Amino acid sequence: MAFPNAFIDELIARNPIEDVVGQYVSLKRSGGNLFGLCPFHGEKTASFSVSPDKGIYYCFGCHKGGGAVNFMMEIEGLSYPDAVRALAKRAGMEVPEDEQYQSRYRRQERLWALHKEAARFFHSCLYAPVGKAALDYALGRGMPKSTLTTFGIGYAPDSWTALVDAMRKKGYTDQELKDSGLVTESRKNGSLFDRFRDRLMFPIIDVRGNVIGFGGRIMKNDPGTAKYLNSPETLIFNKRKNLFALNLAKKSKLGYLILVEGYMDAIALHQYGFDCAVASLGTALTEDGAVLLSRYTDQVVLIYDGDQAGQNATKRAIPILEKAGLQVKVLQMRDAKDPDEYLKKFGAERFRQLLEESSNRVEYQLGAIYRKYDIGQDDQRVKYLQECADLISTLPGAVQREVYGGRVAEIAKISADAMKLEISRAYKRRQYQNKKKQEKIDLSPQRTHQPRSRDIRYDNMRSAMAEEAVIAMVLKQPELLEHTRKLEGEKFSSPLLGKVYTQLSQRYRQGLEVSAGVLAELSGEEMSHITGICQRQQAAPSEEALQDCIRTIEQENDRGKVSSAEDLLALRNKMKESKGLKG
């Protein structure tokens, strides 16, 4: 949907890029720009740049970039119209649009509101006569009323339509109820019934405070019933991209986050003063979840159950967290199966000691390898040493490799020099493998100059380089557009660059804002490409340089026309010859 240019200009002016991005990323000023950890990929060093004067962001790691609208599109998964509406709402602006247009964002707003009403309904049921058994269960599990209020815990009545009836009375349609995932439709007659029945309800709240889903726990042991039932994925709920209690934990002053397996563990930790605990949502930790954690901390303590499944989950989670740029420590439970049980048995102080003793991920992984082998047997000891060497060879620092290598050598009763040699071999082997992978990459000149996105290709590299320079120069110094009046977007070899140039020229002629942040009708990849051009082109713009680029564009355009004419003439001659032969 097209919005008036003047409206977009005002929208951008009232939503400074640093304020919009700052809601999601911790930014620190360095010179004229702001830097932070990229919210779109995991990283240890801040490569995500925000330029307040240009109104754009750009990541030098994953190469995503754009303006405020594009940032909202990427971070929230919105379409262009919906991202505009989100920013308009943030700035208190009225959006000029056709009232009949039913947007995704409006549906999201209705679902957020519906979930909030559902959370209130469940919470009220907990304190109603129908919820007495559930309240007794919650209190018996050590959750006082203050905790029930903080986490919005409620109860889903043992009824087929309690929630359906309550939400219909609030004005929600059957379609909205089905879209919410809180109800199920009968295959026989199409009637609706509640998805959650006779369960203790845990609202899942995103970092902005919206209720987006629920987890329901049974209160009686029933082998035929799943202990937890979670909301299905909906327009507003993606379990891979959210974490339970992060809305509270992000405010913690402890300096780290604790990642546990279950809701009850996270809640127990909060109750005992560890307000930095979060839990994954009924699934193994994902890369999206790790990147989400990295927005709020640089250190995570993993506390999964001590059984084999928990240990396997820990092993899977460590590389995912490290890839997101996080320092990982692992706490191993002793004398209790999970944090909830440990805190109730031993209290907060003993748990705090456990936290202080928690091992870093290398120590944890070396311990796990040790437990696999009987090093009293020579063949087992060799395998143990080789696997340890492979692990230690992944460490970036020589000092780290020597320290851990020495520790393993001591355990296995071999010389430190022998272990150092084994680690060195593993390290060189890894470097060789990485080198071979690099050699497989096509490094032809044409490939290295092509845009990163496969959807954006340059057919005429010479013209495209000049076109990029024109875009960069006029974005940096819009008044240069006074000297491009004869240049038309149709002459550009790249349709994308031609479209962008046309937009900028038209805006300049109309006296409107000329910046990357106001460009419309571009995909996320296209916008990232244009922002990347702005970041790469460092030369100071000048009229002379601009004219050189324009000449190149026009020459290449003329050459293309000549080539086309020659091809057409050759085709005609060929056809004549063919007719002559037939005659």
Please state which of the following conditions Lys239 fails to meet, knowing it meets all the rest: (1) modelled with pLDDT of 95 or more; (2) surrounded by 22 or more Cβ atoms within 10 Å (Cβ to Cβ).
(1)
Segment 6-53 - residue that is within 28 Å of Val300 (Cβ to Cβ), among the small types (Gly, Ala, Ser) and surrounded by fewer than 17 Cβ atoms within 10 Å (Cβ to Cβ) and, of those, modelled with the highest pLDDT:
Gly22
Of all strands (runs of 3 or more DSSP E) completely enclosed by segment 147-241, which ones contain at least 2 residues that are farther than 25 Å from Ala266 by Cβ?
183-185, 192-194
Within segment 366-412, of all residues that are of a type outside the set (A, V, I, L, M, F, W, C), in a loop (DSSP other than H, G, I, E, B) and under 23 Å from Gln433 (Cα atoms), the one modelled with the lowest pLDDT is Pro396
Only one of these conditions is not met by Ala277: (1) without any contact (Cβ under 8 Å) to a residue 12 or more places away in the chain; (2) within 26 Å of the chain's Cα centre (by Cα). Which number is it?
(1)
Can you give me the number of residues within segment 167-191 that are within 11 Å of Leu114 (Cβ to Cβ) and of a type in the set (Gly, Ala, Ser)?
3
Per the filter on segment 413-432, residues assigned to a helix (DSSP H, G or I), in contact with a Leu (Cβ under 8 Å, 6 or more places away or on another chain) and either at pLDDT below 90 or not acidic (Asp, Glu) (or both) are Met419
Of (1) acidic (Asp, Glu); (2) surrounded by fewer than 18 Cβ atoms within 10 Å (Cβ to Cβ); (3) assigned to a helix (DSSP H, G or I), Glu526 satisfies every one except (2)
Please indicate, with yes or no, whether at least one residue in segment 494-515 is of a type in the set (Asp, Glu), exposed (fewer than 14 other Cβ atoms within 10 Å of the Cβ) and not assigned by TED's automatic domain parsing to the domain that holds Phe60.
no
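Quick check on segment 102-112. Is at least one of its residues outside any helix (DSSP H, G or I) and modelled with pLDDT under 95? Reasoning before the result, please.
Within segment 102-112, the first condition is being outside any helix (DSSP H, G or I), and the residues that meet it are 102-103.
After this cut, where a residue has to be modelled with pLDDT under 95 as well, the list is 102-103.
Yes.
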Condition first: buried (at least 17 other Cβ atoms within 10 Å of the Cβ), among the acidic types (Asp, Glu) and either closer than 30 Å to Gly517 by Cβ or at pLDDT below 90 (or both). Can you find one or more residues in segment 466-480 that meet it?
yes
Looking at this structure, is Ala324 under 24 Å from the mean Cα position of the chain (by Cα), of a type outside the set (S, T, N, Q), at pLDDT below 90 and surrounded by 15 or more Cβ atoms within 10 Å (Cβ to Cβ)?
yes
Would you call Thr314 in a loop (DSSP other than H, G, I, E, B), in contact (Cβ under 8 Å) with a residue 40 or more places away in the chain and surrounded by 17 or more Cβ atoms within 10 Å (Cβ to Cβ)?
no
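The values are calculated or read from the model by the stated rules, or taken from the named source; none is laboratory data. Bear in mind the structure is a predicted one, so any value in this text is a computation, not a measurement. Reconstructed Cβ throughout: ideal geometry from the backbone, glycine too, with neighbour counts over all protein chains shown.
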